[in-house]
Amino acid sequence: MMDFEDLLKIHRIDIDEIEVVAFDVFDTLLYRNVSPNQVYKIWSNKVIEEFKIRIGTEDFLDKRKKAGWIQKVKNLLNGLDNETTYKQLMWELYNNTKMTVSFDVFYEKCIQIALDIEKEYCFKNLSICKYLDTARRKGKIVICISDYFLSSIQLNELLYSKGIFLDHVFSSCDYCRLKSTGNLYETVGLKLGISLDKILMIGDNKISDLKMAKKKRLHAIHIKDNKQFKKYKEMDNEEKNRKQEFQKMLFDYESTKNFSPFSRLAFPLFIFVERLYSQLVLDDCHDVLFMSREGEFLKRLFDLYQKQYGMGKKIQSHYLYVSRHSTLIPSIHEIKEESFKEIYKNYPSMKVEDFLKNLDLDDNTEIRNEFREYLKNNRIIEDFKESKEYADILSSKKFQEICLEKAKEQRRLFIKYLDDMNINYQADGLYIVDIGYSGTSQKNISKIFRNKIKVHGYYMICEAMSSNFTINNTICGILYDCNRKREGNILYTYNETVIESLLLASHSSVVGYKEEMKDRKIVPIFSNNDIEKNCYLELIKPIQKNIEEVFLNIILYVKKCFYSEFDYLTKFEKIYKRFIFNPEIKELELYIKIPITDNFAIYREERADNSNKIHRKFNIKNFLCVLKTKGLVLREQNTNWIAAAFYKMDLWKMNEWIYCFSFVAIRIFRFYTNAKMKRKISVDYRN
């Protein structure tokens, strides 16, 4: 591009006659990485997200446009131009949208979001900025004049952030005067106290920056980058094509069978990750810890989400090797009945061997000698916490001494393990993420620090009552939360254990911590479970790869289409509902091969169904058995998934019927869930 002096010569402009050089801003001083239309869509999307407005991006954008039209008409009637101040615009939008915050909060946040977006997507046009520098060196006053929806204060802040420094900034928003009518030029002349024929206007708009400027006696140069406008058009066309592709993708996953096994799980996981990120930003989180083992895959998705979006606050993610087992022992500060509540609260019947195993004391020679008679019997004790055996264990001096010593050492190791992560959790608190459900590990961690460290738990599904937590120990359900009035879709809790099974990690369960002699580094101790390791390699790893590929596609589509959650939520939940109630045969065949294990309390393990039995014909006998037992026989299939239980009983055709009447199934499930929750509240209250 030619230099400034040559440009003036071509347009026959004498530099000595010019006192002020004025520039347009957008597509002159600044270019955007997105089209102008997309800037408004991004803004709409972020405002919807910020204020939890239940509306689609396009619909909200229409509301904004209508609000602008109304205010512009009012200003025209008052003798102003077809323009509106940003405050007028937001006031009209505020009144036409159901908001739960004050107008001042809404207004200030909308300004900040708009400014942040421009800062994110704008970049400096180096060629035009050279003209600006040359004009300043020649002693000219350098200003900008822009038809823009934000005020000169915000516009100046944007330019300053890009290293562009001006003597004055004029925005149409401040005066409701436009360049396109020429009235803004007259306002600029009056404000500067200068004749308009002493001003040179440089901009990309042929009407506003050239024709109207000359009509008002300004000198004017029209500079337009056709390549940039071509890019904007290509961006808008790409967005349109992406939306069509995305709709086709959703239709295919909802109605066809032509996809990788379990890949439909990517849809609810995307909702979870996106909501989780928004909540962590809202809570001013800097470091988040994903708890093992389901957290391994969730962290991978979370990192992928942040990497692909590439904007907004960056939250550092960490992986925390932890479990109910590994946190229980260090949480014990004194020997009393309440200290071991987490072991037996959900499993009232257990063996003495199982109880000791939860404390890693089942192999201790002194403990085994102390309770050899109980261990020799090896019987399941009903209502363990009320038993003589439990009372004898608690009153044993040997048990108290060994247990407290082990707890003290594991507590030291766990705290050092956290300290080695270089997270300022003492001041900021711990932000932890898991699939759910009752926050046992979180409560244990809080007890380790005697509730003096803030622990914030974020769960995919929360079924724990917030009344059981404290101000230093908070809990939040992302997809479902039993504590909220609008708790989310109960569909996510219908087969929660299916999600848990498919998020199995590459390592076994953590049972404790040890210090390596060489570098004093704290490392986790894992249980020995070759069945789970083989299951991960042979089944789970390929499944998670399928989910991750679809998850990435969803990110790219949602990002390119500038969708808000409201635009896709119903579709995503419909796809997930189909997966839960009527999965494909190939998915059921894989699922029943996954072993069911419980690495806490009673330590049970159900072997996977590795038989090559072909489940095809409808078994009338089994159907009658289901009716006779009122469905209880389905539990005996040990699948934790009704669809898989039907499949094992040669009744997989029933899944189609269940899906068709899923609204009834969910209502029945809600009834039993609410009844279960009431019983849980009652039990917790008594305890």
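Provide, for q = 0.21, 0.28 Å⁻¹, the log10 of I(q)/I(0) from a solvent-free Debye sum over equal Cα point scatterers in segment 226-291.
Listed by q, the Debye log ratios stand at -0.90, -1.15.
I'd like the orientation of helix 565-581 relative to the chain: the angle between its Cα long axis and the longest Cα principal axis, in ° from 0 to 90, rounded to 10.
Approximately 30 degrees, to the nearest ten.
So, with a 1.4 angstrom probe, what is the percent of accessible area on segment 211-322 that is carbon and sulfur?
Exposed carbon and sulfur together represent 48 percent of the surface.
Which cross-chain or sequence-distant (5 or more) residues have an amide H under 5 Å from the amide H of TYR431, H modelled 1.01 Å from N in plane?
Sorted by chain and number, the residues that satisfy this are LEU289, HIS456.
To the nearest 10 degrees, how steep is helix 662-686 against the longest Cα principal axis of the chain, on a 0 to 90 scale?
Approximately 70 degrees, to the nearest ten.
Quick one: length gained pulling SER395 to SER255 fully straight, 0.36 nm per residue minus the C-alpha distance?
Extending this stretch completely gives an extra 44.2 nm.
Would you mind working out the magnitude of the charge dipole of segment 216-355 relative to its Cα centre, with +1 at each Lys and Arg C-beta and -1 at each Asp and Glu C-beta, to the nearest 20 Debye?
Using Cβ point charges on Lys, Arg, Asp and Glu, segment 216-355 gives about 1220 debye.
Can you tell me what percent of all Cα-Cα pairs in segment 287-397 are more than 24 Å apart?
Summing the P(r) tail past 24 Å for segment 287-397 gives 43 percent.
If you take all C-alpha pairs in segment 490-582, what percent of them are over 20 Å apart?
Counting pairs separated by more than 20 Å, the tail of P(r) holds 59 percent.
Can you give the accessible area of GLU49, probe radius 1.4 Å, in Å² rounded to 10?
80 Å²
Using heavy-atom solvent-accessible surface (probe 1.4 Å) with all chains present, what is the largest-first order of VAL101, VAL288?
Reading off the accessible areas and sorting them downward yields VAL101, VAL288.
In the full protein assembly as shown, how much of LEU77 is accessible to a 1.4 Å probe, in Å² to the nearest 10?
LEU77 exposes around 140 Å² with every protein chain in place.
How big is segment 352-424 on each of its three principal axes, counting only the C-alpha atoms and giving the largest first in Å?
Between the extreme Cα coordinates on each principal axis of segment 352-424 lie 48, 24, 19 Å.
Dipole size in debye (nearest 20) for the chain around its Cα centre, Lys and Arg Cβ +1, Asp and Glu Cβ -1?
Rounded to the nearest 20 debye, it is 1480 debye.
Per residue, how large is the accessible surface of segment 444-527? Use a 1.4 angstrom probe and give square angstrom.
42 Å²
With every protein chain present, what accessible area does HIS219 have (1.4 Å probe, heavy atoms only), rounded to the nearest 10 Å²?
Number for this one is 50 Å².
For segment 411-523, calculate the relative contact order in percent as a whole number, restricting contacts to Cα pairs under 8 Å that are 6 or more residues apart.
After rounding, I find 22 percent.
Apply 1/(1 + (r/R0)^6) to the Cβ-Cβ distance of ASP284 and LYS233, taking R0 = 51 Å, and write down the FRET efficiency to the nearest 0.05.
0.80
Taking the 0 to 90 degree range and rounding to the nearest ten, how far is the long axis of helix 541-561 tilted relative to the main principal axis of the chain, both from C-alpha atoms?
The two axes meet at around 20 degrees.
Out of all DSSP beta bridges in the chain, what portion is antiparallel? Express it as a percent rounded to 5.
25 percent
Determine the share of segment 543-585's accessible area contributed by carbon and sulfur atoms, expressed in whole percent, with a 1.4 angstrom probe.
Exposed carbon and sulfur together represent 46 percent of the surface.
Based on the Cα gyration tensor of the chain, what are the three equivalent ellipsoid semi-axes, each the root of five times an eigenvalue, rounded to whole Å and given largest first?
With the √(5λ) rule applied to the chain, the semi-axes are 62, 30, 22 Å.
Students often get this wrong, so check it: of LYS313/LYS559; LYS243/LYS571; LYS593/LYS628, which have C-alpha atoms separated by over 18 Å?
Beyond 18 Å between Cα atoms: LYS593/LYS628.
Please give the charge dipole size of segment 336-417, origin at the Cα centre, charges +1 on K and R Cβ atoms and -1 on D and E Cβ atoms. Round to the nearest 20 debye.
Its charge dipole is roughly 280 debye.
Taking the Cβ-Cβ separation of GLU366 and GLU538 as r and a Förster radius of 35 Å, what is the calculated FRET efficiency to the nearest 0.05?
With R0 = 35 Å, the Cβ-Cβ based efficiency is 0.30.
With unit charges on the beta carbons (Lys and Arg positive, Asp and Glu negative) and the dipole taken about the Cα centre of segment 468-526, which residue among LEU504, ILE522, TYR492 sits farthest to the positive side?
The listed residue farthest towards the positive side: ILE522.
Quick check for you: with a 1.4 Å probe and neighbouring chains kept, what is the accessible area per residue of segment 293-390, in Å²?
Accessible area per residue: 47 Å².
What whole-number value in cubic angstrom gives the convex hull volume per residue for the C-alpha atoms of segment 416-479?
Output value, Cα hull per residue: 82 Å³.
Report the one residue of LEU328, LEU282, ALA266 whose Cα lies farthest in the direction of the positive end of the charge dipole of segment 264-364 (charges on C-beta: Lys and Arg +1, Asp and Glu -1; origin at the Cα centre).
Checked the options; the winner is ALA266.
Leaving out ligands and nucleic acids, and using a 1.4 Å probe, what accessible area per residue does segment 55-179 come to in Å²?
47 Å²
Roughly to the nearest percent, how much of the accessible area of segment 324-422 is carbon and sulfur, given a 1.4 Å probe?
43 percent
Under 8 Å for C-alpha pairs, at least 6 residues apart: give me the relative contact order for the chain, rounded to a whole percent.
13 percent
Quick one: which of LYS52/LYS541; LYS65/LYS240; LYS138/LYS162 span more than 26 angstrom between C-alpha atoms?
From the list (LYS52/LYS541; LYS65/LYS240; LYS138/LYS162), the Cα-Cα distance tops 26 Å for LYS52/LYS541.
Can you pull the percent of Cα pairs in segment 41-156 with separation above 19 Å?
Counting pairs separated by more than 19 Å, the tail of P(r) holds 56 percent.
Using amide H atoms built 1.01 Å from N in the peptide plane, name the residues 5+ places from ALA220, or on other chains, whose amide H lies under 5 Å from its own.
MET201
Please give the FRET efficiency for PHE165 paired with ILE658, using the beta carbon to beta carbon distance and R0 = 60 Å, rounded to the nearest 0.05.
0.35
The values are calculated or read from the model by the stated rules, or taken from the named source; none is laboratory data. Predicted model only: the values in this text are computed from it and were never measured. FYI the Cβ positions are ideal-geometry reconstructions off the backbone, even for glycines, and counts take in every protein chain you see. When the accessible area is computed, the model is the full protein with side chains, heavy atoms only, and any ligands, DNA or RNA have been set aside. Shrake-Rupley method; radii C 1.70, N 1.55, O 1.52, S 1.80 Å.
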